[in-house]
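Everything below concerns the one structure shown next.
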Amino acid sequence: MRITQGCFSFLPDLDDTQINAQVEYCLEQDWAIGIEYTDDPHPRNNYWEMWGNPMFDLRDAKGVMMELDDCRTANPDHYIRINAFDNTRGWETVRMSFIVNRPAKEPKLDLARYDRHGRTQSYGLRAGG
Amino acid sequence: MGEPAESLPQTIDLAEEYRTSGVDEVLEELDRELVGLKPVKQRIREIAALLIVERARKAMGLSHETPTLHMNFTGNPGTGKTTVALRMANILHRLGYVRKGHLVSVTRDDLVGQYIGHTAPKTKEVLKRAMGGVLFIDEAYYLYRPDNERDYGQEAIEILLQVMENNREDLVVILAGYSDRMDRFFESNPGFRSRIAHHLDFPDYDDDELLAISEGMLAGQNYHFDDEAKVLMARYIELRRSQPHFANARSIRNALDRARLRQANRLFSSATGPVTAEELSTIDADDIKVSRVFTMGMPDSSEGQS
């Protein structure tokens with residue numbers, strides 16, 4: 001099942017030229033770029049692994065693309081996303097976030113039913129195979 | 001479209017290319033603002049010409065390789081290596097060789113780590129920052145410490161070499177340092193020498209050039225010499241040259257800083273009424289005369305000097 005979160009996720013996957021152009025835009029806005037990856041695409045999973053520190057003083061997108069290539073080599077079958085952080089308000093806020101790499105076979109999110117206290121039932125998403 | 005698939009231009013007007021690139025402005029500025037340095041300016045002109053021709057060739061579909069532009073600046077202290085490197089970034093940017101045209105200036109400390117596994121990320125960090133611009137490594141010979149074979153500098157050198165080879169279109173590396181030590185550095189790292197196409201040697205300034213530089217520096221801060229002071233300054237430069245630790249333009253800058261100090265002091269102690277702008281911006285003979293350079297006499301004097 002195709003995971004849709006962040007920008008552009010309803011579009012076809014971005015190719016490297018397009019990613020480069022997006023990163024270039026972020027750098028023009030003085031945003032810092034961070035690369036993160038995970039194998040658990042559950043929407044409630046806020047904590048993706050960081051690929052190195054966010055890059056704060058880049059001038060050119062090439063630096064990000066190099067890191068992204070390294071990350072793809074190390075984690076070919078993971079989700080990788082690029083986050084852009086804006087610090088105009090004094091703290092780093094995510095202004096843009098988009099997926100740049102997906103595993104060949106994406107996991108399914110199942111709707112699961114849970115029995116709770118009494119006869120209550122609740123539903124939630126469960127990442128399955 | 002009835003035209004053939006390739007619509008490459010048949011002729012290219014080089015003079016027009018030159019004008020539109022805006023590089024002549026930069027070169028003129030270079031001529032105007034930097035005194036002396038003839039061979040360096042000549043070389044920069046050649047590089048600019050090469051890049052324009054290369055661009056024309058590319059437009060006609062004649063070449064696909066990016067020329068190597070890594071450079072090595074050698075010269076004595078204070079001969080303007082850093083200043084020229086900064087200009088170089090600007091020139092290369094206008095010629096469209098580097099995308100952003102910023103200069104990242106680093107020394108050994110910024111590249112080499114303190115413990116195992118620390119160096120590679122540090123060097124990569126710097127390289128990432130320099131992408132799209134110029135990486136200026138000052139006193140590059142410190143990267144290699146022949147006396148310690150486990151020195152992490154070697155690791156930084158290897159990463160640098162790799163990036164210089166693979167990312168030629170992304171960044172230009174400029175090494176700088178004193179001639180003799182750079183030569184020794186290249187002897188022990190032959191890979192470096194072969195990857196650097198341009199070796200620029202910065203000559204020492206002669207006395208007239210240094211005087212012109214000193215006037216330029218003062219003018220930049222809204223000061224000027226009076227006539228007597230100018231004659232004394234010429235004498236000062238002559239004497240200073242024969243004394244130890246002479247560092248060309250840097251020595252001149254330090255001398256001027258001290259002259260300003262003395263001028264301020266003189267104004268304080270001698271002023272009887274309000275001072276004028278003219279007085280505030282004139283360096284006169286007394287401010288230079290008291291310099292120790294005049295009294296020190298022989299260069300091998302045992303006294304320390306400032």
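Can you find a residue in the range A:44-57 that is of a type in the set (Gly, Ala, Ser) and within 14 Å of chain B (Cβ to nearest Cβ)?
Yes.
Only residues that are assigned to a helix (DSSP H, G or I) and of a type in the set (Lys, Arg): list them for the range A:38-86, please.
Scanning the range A:38-86 gives A:Lys62, A:Arg72.
For a quick check of your reading: which strands (runs of 3 or more DSSP E) sit entirely within the range B:118-235 and have at least 2 residues that are crowded, with 18+ Cβ neighbours inside 10 Å and within 14 Å of chain A (Cβ to nearest Cβ)?
Hits in the range B:118-235: B:134-138.
When you look at A:Ser97, is it under 25 Å from A:Arg126 (Cβ atoms), out of contact with any Gly (no Cβ under 6 Å at 6 or more places or on another chain), hydroxyl-bearing (Ser, Thr, Tyr) and in contact (Cβ under 8 Å) with a residue 60 or more places away in the chain, yes or no?
no
Check off (1) in contact (Cβ under 8 Å) with a residue 12 or more places away in the chain; (2) more than 30 Å from the chain's Cα centre (by Cα) for B:Ser251 and give me the number that stays unchecked.
(2)
It is to be established whether one or more residues within the range A:93-116 are within 14 Å of chain B (Cβ to nearest Cβ), on the phi < 0 side of the Ramachandran plot and in contact with a strand residue (DSSP E or B) (Cβ under 9 Å, 6 or more places away or on another chain).
No: the range A:93-116 contains no residue that is within 14 Å of chain B (Cβ to nearest Cβ), on the phi < 0 side of the Ramachandran plot and in contact with a strand residue (DSSP E or B) (Cβ under 9 Å, 6 or more places away or on another chain).
From the set of residues in the range A:62-92 that are among the acidic types (Asp, Glu) and away from chain B (no Cβ under 14 Å), which is nearest to the chain's Cα centre (by Cα)?
Result: A:Asp77.
If you go through the range A:44-98, how many residues are hydrophobic (A, V, I, L, M, F, W, C) and more than 19 Å from A:Glu24 (Cβ to Cβ)?
5
Pick out, from the range B:6-98, the helices (runs of 4 or more DSSP H) lying fully within it that include 3 or more residues that are at pLDDT 85 or above, aliphatic (A, V, I, L, M) and under 14 Å from the mean Cα position of the chain (by Cα).
Ranges flagged: B:81-94.
The values are calculated or read from the model by the stated rules, or taken from the named source; none is laboratory data. Note that this is a predicted model, so its numbers are computed, not measured. Cβ atoms come from the backbone with ideal geometry, glycine included; neighbour counts cover every protein chain shown.
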